1. Answer yes or no as to whether I73 is more than 11 Å from the chain's Cα centre (by Cα), of a type in the set (V, I, T) and part of a helix (DSSP H, G or I).
2. Look through I84, I27 and report the one residue that is surrounded by 15 or more Cβ atoms within 10 Å (Cβ to Cβ), part of a strand (DSSP E or B), touching a residue at least 40 places away in the same chain (Cβ under 8 Å) and among the hydrophobic types (A, V, I, L, M, F, W, C).
3. Please go through segment 37-67 and pick out each residue that is closer than 14 Å to F7 by Cα and within 10 Å of the chain's Cα centre (by Cα).
4. I want to confirm something. Restricting to segment 45-54 and keeping residues that are touching a residue at least 12 places away in the same chain (Cβ under 8 Å) and in a strand (DSSP E or B), which single residue is farthest from Y15 (Cα to Cα)?
5. Filter segment 1-25 down to the residues that are at pLDDT 95 or above and within 18 Å of E65 (Cβ to Cβ) and list them by number.
6. Across segment 30-56, which residue is nearest to N69 (Cα to Cα) among those that are hydrophobic (A, V, I, L, M, F, W, C) and loosely packed, with under 15 Cβ neighbours inside 10 Å?
7. Considering only segment 75-89, state which residues are under 19 Å from Y8 (Cα atoms), touching a strand residue (DSSP E or B) at 6+ places or on another chain (Cβ under 6 Å) and not charged (D, E, K, R).
8. Taking interchain pairs and intrachain pairs at least six residues apart, which have beta carbon atoms under 8 angstrom, with the first residue in segment 55-74 and under 11 Å from M14 (Cβ atoms) and the second aliphatic (A, V, I, L, M) and in a helix (DSSP H, G or I)?
Amino acid sequence: MSLISSFYGILIYMYKEKNSPHNKPHIHAVFGGQNVSIASDGEVLAGELPRKQQKYVEAWVALREDEINASWIALNEYDTVLTIKGLEG
């Protein structure tokens, strides 16, 4: 599990899927013990966060789709973690 971003107390992770062809590029967001998985195209795959934090993550995914896809490739093909700027600042 690799931390790729954080903002407003929300942690964004990406997991390596070596030898496991399954989901499309996606992130896992964690806040206050709750988590959600969202694909780079904005589709919610599983879980949910409190409404405000969920909206923040959805906005972040929409803004950073290309970076999420690049990070997915870097992690899964090259074992390299690319961090992505959050929403703050």
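The values are calculated or read from the model by the stated rules, or taken from the named source; none is laboratory data. If you're wondering where the values come from, they're calculated on a predicted model, not measured in any experiment. So basically every Cβ, Gly included, is an ideal-geometry build from the backbone, and we count neighbours across all protein chains shown.
1. Details: more than 11 Å from the chain's Cα centre (by Cα): yes; of a type in the set (V, I, T): yes; part of a helix (DSSP H, G or I): yes.
So I73 fits the description; yes.
2. Values: I84 fails: part of a strand (DSSP E or B).
On inspection, the qualifying residue turns out to be I27.
3. Those that are closer than 14 Å to F7 by Cα and within 10 Å of the chain's Cα centre (by Cα): V57, E58, W60, V61, R64.
4. First, pick out the residues of segment 45-54 that are touching a residue at least 12 places away in the same chain (Cβ under 8 Å): 45, 47-50, 53-54.
If we keep only those that are in a strand (DSSP E or B) as well, we get 45, 47.
Numbers: L45: 14, G47: 16 Å.
Result: G47.
5. Residues of segment 1-25 at pLDDT 95 or above: 3-14.
The answer is I4, S5, F7, I10, I12, Y13, M14.
6. Filtering segment 30-56 down to residues hydrophobic (A, V, I, L, M, F, W, C) leaves 30-31, 36, 38-39, 44-46, 49.
Checking the rest, the ones that are also loosely packed, with under 15 Cβ neighbours inside 10 Å come to 45-46.
Details: L45: 16, A46: 19 Å.
Among those that are hydrophobic (A, V, I, L, M, F, W, C) and loosely packed, with under 15 Cβ neighbours inside 10 Å, it is L45.
7. Keep residues of segment 75-89 that are under 19 Å from Y8 (Cα atoms), which gives 83-89.
Right, trim to touching a strand residue (DSSP E or B) at 6+ places or on another chain (Cβ under 6 Å) and you get 83-84, 86-88.
Scanning segment 75-89 gives T83, I84, G86, L87.
8. Going by the 8 Å Cβ cut-off, the qualifying pairs are I68/V61.
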